[in-house]
Every structure is written in C-alpha cells, then in structure tokens.
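Please read the structure below before turning to the comments.
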Amino acid sequence: MRVNRLILFLLIFNSHTFSLFAKSNPDVFIFSKITNHVYIAHPGLVKRINSTSTIIVGRNFLTVVESQTDVYMATALIRGIRQRISKLPIKYLIFSHFHLDHILGAEAFLRENPALVIIAHQNTAEHIALHGIDEQTSWVNTIKQKSIEAKQFAVSAKTEQKRKYFTIASNEFAAYYRDVQSSAIVPPNLTFRDSLNLYDENLQLQLAFLGAGHTAGDIVVFVPQDKVLITGDLVHDYEPLFWDADPDSWVNVLEKMKQIGFDYFVGGHGDIHEGKEIIYAWQRYIQELITKTKGAIAEGLTLETFQKEMTIETFSSLQNGYGERIQKFRTGYMEYLTGPLIDAIRGEIAFLWKFYDKGN
C-alpha cells in the first residue's frame, strides 16, 4: 500500500478508535427494496470498514455491485441475498472502483459461481494489478497494530469494565485482521473504457465511465427501466474522500451525473436517495474546498495553518443542516467515524494540498 492509504487508516481510527465496540447489531446487513428489480444491502452498525452493495434482479440472473470489505462480509451478504431476495445465480459482480472495501469480498462470489464475470473499468483493473497486494498488506498491518494497541490498553486498564471493553476491542480487530488477510484479491475478468451494456431479456444495465473522480476508474451503473443510478463512491452519505481523487474532474463528473434521468441513486456507502439533492451538495462542497485550498496556497499559508483555521462554520456548503446530516450518518452507521467532521475534513485537506501545491 502506498503511504496515502496508511494515512487514511490513521485518519479513520482517530482519537475515538475504540468507540466502534460500544454497540452491536445482530443483523450484518439491512436489505431494502427500491424497485421491482433493485435492492440494496448496507451493513448495520458494524465493526469494520464496509460498503453498500446493490443487487439487481433480472429474469435469469442477479448482478451485484460492490463485493464488500472481506470474504466474511461477502459471505454474509450472499447468505442474505439467498434468504431475502432471490435464489437466481449471481452472473455479474461489478467493482465501482478499486478501493479494498469494495473489492476484497470477490472470492466469496467466485466460490459460489466459478463462471462469475467480474466487471470494472480498465483503470481499476490496472490499479489492482499494480498496487492491490501492497495496499492489502498495509491495510492488514494497520488493523493488526490496532488489535495490539487495544490489548495493551486492556492490560493497563484500571477497572474491570475497561479491561473487558478493550479486550473485546482487541479481539474484534484481530478477527477483522484475519478476515482481511485471508481474503484473496480477485481481479476483474471483463473491463471497458467508456461504456458497457448488460442485458437480461428486457432488463438493461448501462455501465459508464464519466471521467476521473474519487479514483481514476470510477464507474456508474444505470438501470433505465427503473430509473436507478448506482454511483459507487462518486457520491454517497459521507463526505468526499480525496486520497486518490482528481478533484477538478470530480466536479465535472457530478455535473454529468445530474444530467442522467434517474429518480433514485445508491452510493457506495449509506442508504438509498431520492432525487439529486445530495449530488448538488457534494458538488458545492468539493468546489468550495478546492477554492479554499487553492486560495490558501496562493496566499502563502502553510498546510498546518490552513488546517487550524478551518471550521465547519467557514464552509457555506456545510450549512443549512448538511454538515450535521453527514455527522449524524457517520455516527449512526459506522461508529468508528464518530470523531468530529472537521477533523476528517482537515485530514482530507492534506491530500488536496498535495494535489494543488505544485511547488512542493
């Protein structure tokens, strides 16, 4: 894994590192029906990084978008699909982009169907081939270190309650570590550059690359019959993440997405959305952060000074309840992200600063 992925984990597991073990959800996935053909499955309050999967039901087969964060989660997803949605074979698995929380569960799907067709953009396939193993290794090592730290906290705990708390935390991180370590990276076996259409009798799926955004290989999937758009991490319920992004192109991609005739969209994390409100919100926020970062660089500020000056109140795009909405979702669905939103933004600023500060 390159250094920026390691930084990402350090940002995610912040000063609230062990808050994710405070609660437990007995249901690994929450399934929701959007239309007659489209369902989503997003994890409840879980103890590991995860994504939202979309299941598209045709007459003869299923298509799943996002394979989950590891084989354990993918196996639970498949089990839920069989129990709650359909027994039809899963013919296609689609990677929206190359980040590991979206691709590491693919092996479980391949075990169920050895003839599985795994689809991704060409840039995504190239990135996985070049960097996938290194990124997985760094991810595994970071999770393992968190398990060790929790164990050390348990040993030094002054109360029995805290000792149990950190012991559970250590065990949970250890389980996550084992699952990620044992999940083989499975590359896509069908790639495309601009667009690709899939058919199951009258049902059509339109896959499209609209340009670089969150990564160099993000794709969207449109189900025109049901007017559902699947966006991956180009837009979702959290704030945008920039460590592999082309921010200027991302703004343009969001503009293109707004022109698609969808009624609902599903992001790579979170729940279903009706309408385009969140896409407008993301576009405003990304553009504002770009403008502020470029302005700070032009003024000769240091990154550290710029980060310290940043507050939620300085963002017009996070007012009128939108910033509070993001924070509420982070707390409600992914408990390890319960730190202040401004801390996450300051971390993302470092990636934008590197992107625009051509003098360093």
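Consider Gln259 carefully, then state whether it is of a type outside the set (Asp, Glu), at negative phi and at pLDDT 95 or above.
For Gln259, the condition - of a type outside the set (Asp, Glu), at negative phi and at pLDDT 95 or above - is met.
Those residues that are within 18 Å of the chain's Cα centre (by Cα) and assigned to a strand (DSSP E or B), I need them from region 189-225; list them, please.
Val220, Val221
Between a first residue in region 194-211 that is in contact (Cβ under 8 Å) with a residue 40 or more places away in the chain and more than 19 Å from Thr35 (Cα to Cα) and a second residue that is open to solvent by less than 30 Å² (accessible area, probe 1.4 Å) and among the acidic types (Asp, Glu), which pairs have beta carbons less than 9 Å apart while being 6 or more apart in sequence or on different chains?
Filtered contacts from region 194-211: Phe209/Asp218; Leu210/Asp218; Gly211/Asp218.
Just checking: which of the strands (runs of 3 or more DSSP E) contained wholly in region 1-107 hold 2 or more residues that are out of contact with any Leu (no Cβ under 6 Å at 6 or more places or on another chain), buried (at least 21 other Cβ atoms within 10 Å of the Cβ) and at pLDDT below 95?
Values: elements: 29-33, 38-43, 53-57, 62-65, 90-94.
Answer list for region 1-107: 38-43.
I'd like the full set of residues that are among the hydrophobic types (A, V, I, L, M, F, W, C), over 21 Å from the mean Cα position of the chain (by Cα) and either crowded, with 16+ Cβ neighbours inside 10 Å or not in a helix (DSSP H, G or I) (or both), limited to region 126-183.
Ala150, Phe153, Ala154, Ala157, Phe166, Ile168, Ala169, Ala174
If you check Leu254, Leu301, Leu318, which single one turns out to be without any contact (Cβ under 8 Å) to a residue 24 or more places away in the chain and aliphatic (A, V, I, L, M)?
Answer to the check: Leu301.
Which pairs do you get when a residue that is under 22 Å from Ile349 (Cβ atoms), found in region 265-286, comes within reach of a residue that is open to solvent by 30 Å² or more (accessible area, probe 1.4 Å) and modelled with pLDDT of 95 or more, reach meaning Cβ atoms under 8 angstrom, with the pair 6+ apart or on two chains?
Close Cβ pairs satisfying both conditions: Gln283/Glu255.
Which of (1) more than 20 Å from Asp233 (Cβ to Cβ); (2) basic (Lys, Arg); (3) not in a loop (DSSP other than H, G, I, E, B) is the odd one out, the single condition Arg330 does not satisfy?
Arg330 satisfies all of (1) more than 20 Å from Asp233 (Cβ to Cβ); (2) basic (Lys, Arg); (3) not in a loop (DSSP other than H, G, I, E, B) except (1).
In region 258-277, what count of residues is obtained for those that are within 21 Å of the chain's Cα centre (by Cα) and either within 18 Å of Ile312 (Cβ to Cβ) or part of a loop (DSSP other than H, G, I, E, B) (or both)?
6
Name every residue in region 235-257 that is small (Gly, Ala, Ser) and either assigned to a loop (DSSP other than H, G, I, E, B) or open to solvent by less than 10 Å² (accessible area, probe 1.4 Å) (or both), in order of residue number.
Selection gives Ala245 alone.
Can you pull out every residue in region 109-125 that is open to solvent by 10 Å² or more (accessible area, probe 1.4 Å), closer than 23 Å to Asp179 by Cα and of a type outside the set (Asp, Glu)?
Residues satisfying the conditions are Leu110, Arg111, Asn113, Pro114, Ala125.
If you check Ala216, Ala208, which single one turns out to be closer than 24 Å to Leu289 by Cα and either among the small types (Gly, Ala, Ser) or at pLDDT below 95 (or both)? Outline the logic, then answer.
Values: Ala208 fails: closer than 24 Å to Leu289 by Cα.
It is Ala216.
Regarding Val223, is this residue of a type in the set (A, V, I, L, M, F, W, C), open to solvent by less than 10 Å² (accessible area, probe 1.4 Å) and at pLDDT 95 or above?
Judged against the criteria, Val223 is a match.
The values are calculated or read from the model by the stated rules, or taken from the named source; none is laboratory data. Remember, predicted model here, so these are calculated numbers, not experimental data. Ideal geometry is used to build each Cβ from the backbone, glycine not excepted, and the neighbour counts take in all protein chains shown. Please note that ligands, DNA and RNA were not included when accessible areas were found on the heavy atoms of the full protein model with its side chains. Shrake-Rupley method; radii C 1.70, N 1.55, O 1.52, S 1.80 Å.
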